[in-house]
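Following: one structure in structure tokens, then a few remarks.
Here, each number is a calculation from the coordinates, and none is a lab measurement. On a predicted model such as this, the values are computed, not experimentally measured, just so you know. All Cβ positions, glycine included, derive from the backbone under ideal geometry; neighbour counts span all protein chains shown.
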Amino acid sequence: MLAVTPLASPAQAAGAQSPAQTAAVALPTLSAKGAFLQERATGAKKYGKAADIKRQMASTTKVMTASVVVNTPGVDLSRKVTISQTYRDYVTAQGASTADLRTGDKVTVRQLLHALMLPSGCDAAYALADTFGVGSTQAARVKQFIGQMNEKAASLGMTNTKFDSFDGISAAGNNYSTPRDLAQLASYAMRGSTLRGIMGTTKYVAPVTSSTGAVRTYTWYNTNQLLGSYSGAVGIKTGTGTAAGPCLIFAATRGDKTYVGVILNGTDRYNDAAKLLDYGYGSATASTMQLRKLPQGAQRD
């Protein structure tokens, strides 16, 4: 069907913008203390707010955890990892978000990545750090894995970022980044099809082998409610902490243009993200967006 274009008013014909056009280019008002938006392909900045102020980032940390794992040379996503009681004890002690992984279950790396990124499982983060870190003890492996995270950050030019945690839980508060640095991480994470596919998944069902040899089935839902709510949203990761506040690393693709963005300490993070994406795309989706609801009992982050 052909679109019908109305005749321009005299003011429009003279080059004046209509109210709708003016609204489309107006800088958005955000709840976030820090924010950033950039084109993924070019890295060109579209918007920044306190873009280089260091802040804690909560579970958005897990984007780096996943990136280190999937970019490990020769990584086998079908490799099975046996879940340790230590991982469950850690989640209980920290009161952390969990994929509810059961001791003795044999879970593939691919499944662990979903457990990490969808329900924001800190047990999955521990399992991955323990598996992909190098050392003779669990503590040594975890420490070395966090070292890998910092090496990757340095290689990406994330000069205002430091990791002291594999999941964003930081006793010393030395797990921090900036909106600009995290946008750089987001652009990197979006490169590979494996991680890009995981980050854009709203629900994942994982059959695993239990310690008795029986089949146990996990069902995980993505805590990122921008997915399925904002047209074109394709990821990436939520995070919430006492010091960090609500955080969100997000991405959306419309046509041939992908934007990645970051919200740090934003009380209305999903609307903030939608406003930034609208600003990039020149649209007005945020005003009518209805957030995808999470099932009762699903993890929140």
| query | Taking only DSSP H segments of four or more residues, each worth -39500 (n - 2.57), what value at 222 nm results for the chain once the sum is divided by all its residues, to the nearest 500 deg cm²/dmol? | reply | -9500 deg cm²/dmol
| task | Find how many whole Å separate the alpha carbon centroid of the stretch 55-95 from the alpha carbon centroid of the stretch 117-174. | result | 8 Å
| request: Report, largest value first, the span of the C-alpha coordinates of the stretch 86-187 along each principal axis, in whole Å. | output: 39, 30, 27
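Where a ≥ b ≥ c are the square roots of the eigenvalues of the C-alpha gyration tensor, would you call the stretch 131-203 rounded, which needs a/c under 1.5, or, failing that, prolate if a/b is larger than b/c, or oblate?
Working: a/c = 1.78, a/b = 1.26, b/c = 1.40.
It is oblate, given that a/c is not under 1.5 and a/b is not larger than b/c.
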| said: Placing +1 on the Cβ of each Lys and Arg and -1 on the Cβ of each Asp and Glu in the stretch 78-175, which of Ala139, Tyr90, Ile169 has its Cα farthest towards the positive end of the resulting dipole? | reply: Ala139
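Among 241-248, 60-67, 203-210, what's the highest-first ranking by average C-beta atoms within 10 angstrom per residue? Kindly include the intermediate steps, with their values, before the conclusion.
Values: 241-248: 20.2, 60-67: 27.6, 203-210: 14.8.
Descending packing order for the listed peptides: 60-67, 241-248, 203-210.
Using the eigenvalues of the Cα gyration tensor, what equivalent ellipsoid semi-axes result for the stretch 22-111 when each is taken as the square root of five times the eigenvalue, whole Å, largest first? Please report the intermediate quantities before stating the final value.
Numbers: eigenvalues 274, 74, 25 Å².
Equivalent ellipsoid of the stretch 22-111: 37, 19, 11 Å, largest first.
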| query | Quick one: if the Förster radius is 41 Å, what FRET efficiency do Ser210 and Ala284 give, using the C-beta to C-beta distance and rounding to 0.05? | reply | 0.25
| request: Calculate one ³J(HN,Hα) per residue across the stretch 197-202 by plugging θ = phi - 60° into the Karplus curve 6.51 cos²θ - 1.76 cosθ + 1.60, and present them in order as whole Hz with x for glycine and proline. | output: x, 5, 5, x, 8, 8
| query | Residue by residue through the stretch 174-187, which ³J(HN,Hα) values in whole Hz follow from phi under the Karplus form 6.51 cos²θ - 1.76 cosθ + 1.60 (θ = phi - 60°), with glycine and proline marked x? | reply | 9, 10, 9, 7, 10, x, 5, 5, 5, 5, 5, 4, 4, 4
| So what are the radius of gyration and Dmax for the Cα set of the chain, in Å? | 20.5, 78
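Output the relative contact order of the stretch 29-288, whole-number percent, from Cα pairs under 8 angstrom with separation of 6+ residues.
Working: 576 pairs, mean separation 68.7, N = 260.
Reported as a whole number, the value is 26 percent.
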